Amino acid sequence: MLSLITFPTGFGEPSHSPFCAKAMILLQMSGQTWQREDISNPSSMPHGKLPVLRANGTLVADSEFIQGWLTQQGADFYPGCTDEQRAIGHALVRMVEENLRLILVHDRWLDDENWARLGPMFFAQLPAPLRKLVPILARRSVRAGLKSNGIARMSPSSVCKRRATIWTLWGKSSARTHFCWATHRLPRMLRSCRS
């Protein structure tokens with residue numbers, strides 16, 4: 001049986017990571033039998049992040065590579081689509097994922113009000129002495145990474161404009177293009193981000 005190594009549940013969703021939730025949706029759509037394996041520290045995983053699929057003694061890291069592995073096993077995530085439609089669908093998904101990922105990380109880690117709630121949840125499993133220090137160091141590292149990407153240099157209104165632009169483009173593109181992600185129900189996490 002396949003095992004999806006993922007972050008635990010959070011925010012009323014199957015995982016606090018949208019990429020772990022994506023991998024769960026892909027596994028469900030593929031028809032494969034699978035189970036979840038929750039961990040909090042992905043440092044020993046390939047790429048040092050989650051999700052990771054344990055399949056036939058190998059580890060497949062990253063939701064995109066998991067999708068590729070499932071496709072090799074016979075899953076079709078773009079049923080009835082031409083090669084051009086598949087390419088457009090893939091490009092749209094990558095655009096949304098890459099842009100929204102930065103905004104999501106920004107909102108979770110740099111917004112003080114959000115961080116007051118989320119920080120303690122992310123690091124709850126650490127031993128008490130580390131629970132104060134590690135979040136400070138991790139947040140500092142995330143802030144530096146987001147500054148290098150540019151999003152941490154933007155005003156809150158600029159971040160909101162970028163988020164709105166992405167959703168507008170997604171809506172226009174998916175309404176005109178038939179591909180898997182437009183025809184399946186989006187997880188609640190994504191639906192709630194639209195408003």
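Read-outs: derived from the displayed coordinates by stated rules, not from any lab. This structure is a prediction, so every number in the text was calculated from the model and none was measured. Counting neighbours? That spans all protein chains shown, and the Cβs are built from the backbone with ideal geometry, glycine included.
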Near Lys132, which aspartates and glutamates are there with a Cα under 19 Å away, not counting those fewer than 8 places off in the same chain? Asp111, Asp112, Glu113
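Using only alpha carbon pairs under 8 Å that are at least six residues apart, calculate the relative contact order of the chain and give it in whole percent.
Details: 185 pairs, mean separation 36.6, N = 195.
Normalised by residue count, the contact order of the chain is 19 percent.
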What residues have an amide H closer than 5 Å to that of Gly10, excluding those fewer than 5 places away on the same chain, when H is modeled at 1.01 Å from N in the peptide plane? Ser15, His16
Hey, how many Å between the Cα centroid of the range 62-87 and the Cα centroid of the range 133-174? 28 Å
Using the charge dipole of the chain (Lys, Arg: +1 at Cβ; Asp, Glu: -1 at Cβ; taken about the Cα centre), state which of Ala61, Gln35, Thr9 has its Cα farthest towards the positive end. Thr9
Once amide H atoms are built 1.01 Å from N in the peptide plane, which residues 5 or more positions from Ser3, or in another chain, come under 5 Å H to H? Gln35, Arg54
Ranked by GNM mean-square fluctuation in the chain (Cα springs under 10 Å), the top entry among Pro42, Pro135, Pro79 is Pro79
Would you list, by chain and number, the lysines whose Cα falls below 27 Å from the Cα of Lys22, excluding same-chain residues fewer than 8 positions away? Lys49, Lys147, Lys161, Lys172
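Given Cβ point charges of +1 (Lys, Arg) and -1 (Asp, Glu) and nothing else, what value in debye, to the nearest 20, does the dipole of the range 116-161 about its Cα centre take? Intermediate results must be reported in sequence, preceding the final value.
Numbers: 9 positive and 0 negative charges, 24 e Å.
So the magnitude is around 120 debye.
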About the Cα centre, and with charges only on the beta carbon of Lys, Arg (+1) and Asp, Glu (-1), how big is the dipole of the range 88-174? Nearest 20 debye, please. 180 debye
If every Lys and Arg gets +1 and every Asp and Glu gets -1 at its Cβ, then about the Cα centre the chain yields a dipole, in debye to the nearest 20, of 700 debye
